[in-house]
Amino acid sequence: MTPRPLVHIGYHKTATTWFQRCFYPRVEGRRYVPQPLVRRALLDPHALHFDPATARRLLGDGLDTAILCEENLSGGLHNGGLAGCLSKDVAARIRATLPDARIVVVVRRQADAIASAYVQYVKGGGTHGVERYLFGRDYLGPHAPEHDEVPRFRFEHFAYDRLIALYDDLFGRENVHVYRYEELRADPPGFIRAFMAEHGLAAPVGDIDFDPANRGLGRLLLRAVRLANRFTARAVADKSCLVHLPYWYKISRRLMRKAAAGRLAGRPATAETLLGPALLAEIERRFQMSNAALDRRIGGRRWATMPPSDARVAPPSRWRRICES
């Protein structure tokens, strides 16, 4: 197979950190481009000042063997890809810079991805509960100056079929390869062997560490970290800070990682425990059409469909409004 650039655009919370740390750097005969260089080349430039030639120069020589993996290429996790504008513009940047690239997209059941996004928000310094995180705009007055100036979580970011269709148009459907995270998680070595065969890659699978690169937070630890985050102004935009203690962010992150690896984390914080049955069912309904299009596009194992929510636990009006939009 003739080498061509491989660009893995995400999504977030689909083992991209593991790909970056444990797999892509070990692929033989290919050049893994570090994340900072990818960001400098494709994400940092202003939209009206982006230059493909400069991007290629930053990415380095031998682009036909290059592997890029940066989840923010699909859009920021906590800002919905700036209402999709960043996600769309970055796709055009990649096309202008690496027109013969093979695109890799990994998607995840939306409810699990959204719950994991909230946990990541807390790990990054967030203090709000899950409802405030998901529906932050509803807590502002309609004429508040920050209503549209501060990007926030967007459900639309997880309608995967829209971004995939855009990449299909730009690169050709045969050059856009979409995978389900659940298949990777079920059988990591088997998934990677099939992945390598499809893309003509070689790596010592027997020597690869398949343990997750990022560990989640248990329910008990999640509450403790939210409280600890009130004493640092870092690092997410939408949060509450009682007082900023210098160095507390780094110290608390170290303590968090140690606790997450031990028995102090508590029971796992899953989509079911974080979101509750009503919102889970609403999320499933919101993405039904998108997932049907995704099933037609990639086939394979499909996500299980949630049963309809019980009328006795009908979601608040903001959930219905958001999920029906």
Could you compute Rg(Cα) / (2.2 N^0.38 Å) for the range 1-137, with N its residue count? 1.11
Pairs of alpha carbons in the chain whose separation is greater than 35 Å (percent): 23
With only alpha-carbon atoms in the gyration tensor, what are the semi-axes of the equivalent ellipsoid for the range 8-59, in Å, largest first? 23, 15, 7
Straight-line reach from residue 239: which lysines fall under 19 Å, measuring Cα to Cα and dropping same-chain residues less than 8 apart? 123, 250
Can you give me the distance in nm between label points at residue 233 and residue 197, each placed 7 Å from the Cα along the Cα-to-Cβ direction? 5.5
Excluding residue 173 itself, what net charge comes from residues whose Cβ is under 13 Å from its Cβ, given Lys and Arg +1 and Asp and Glu -1? -1
Mind checking which aspartates and glutamates have their Cα closer than 19 Å to the Cα of residue 13? Skip sequence neighbours fewer than 8 apart in that chain. 70, 71, 112, 156, 161, 182, 183, 187, 209, 211, 272, 284
Cα Rg, Dmax, the range 84-234, angstrom units: 19.1, 58
Segment residue 272-residue 40, extension gain: residue separation times 0.36 nm, minus the distance between their alpha carbons: 79.7 nm
Lysines within cross-link reach of residue 88: Cα-Cα under 16 Å, excluding same-chain residues under 8 positions apart? none
Taking the convex hull of the Cα atoms, report for the range 174-261 its projected area averaged over all directions, in nm². 9.0
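Coordinate-derived values only; no laboratory data. It should be emphasised that the depicted structure is a prediction, and the values quoted were computed from it without experimental measurement. Methodologically, a virtual Cβ is constructed for each residue, glycine included, from the backbone with ideal geometry; neighbour enumeration extends over all protein chains shown.
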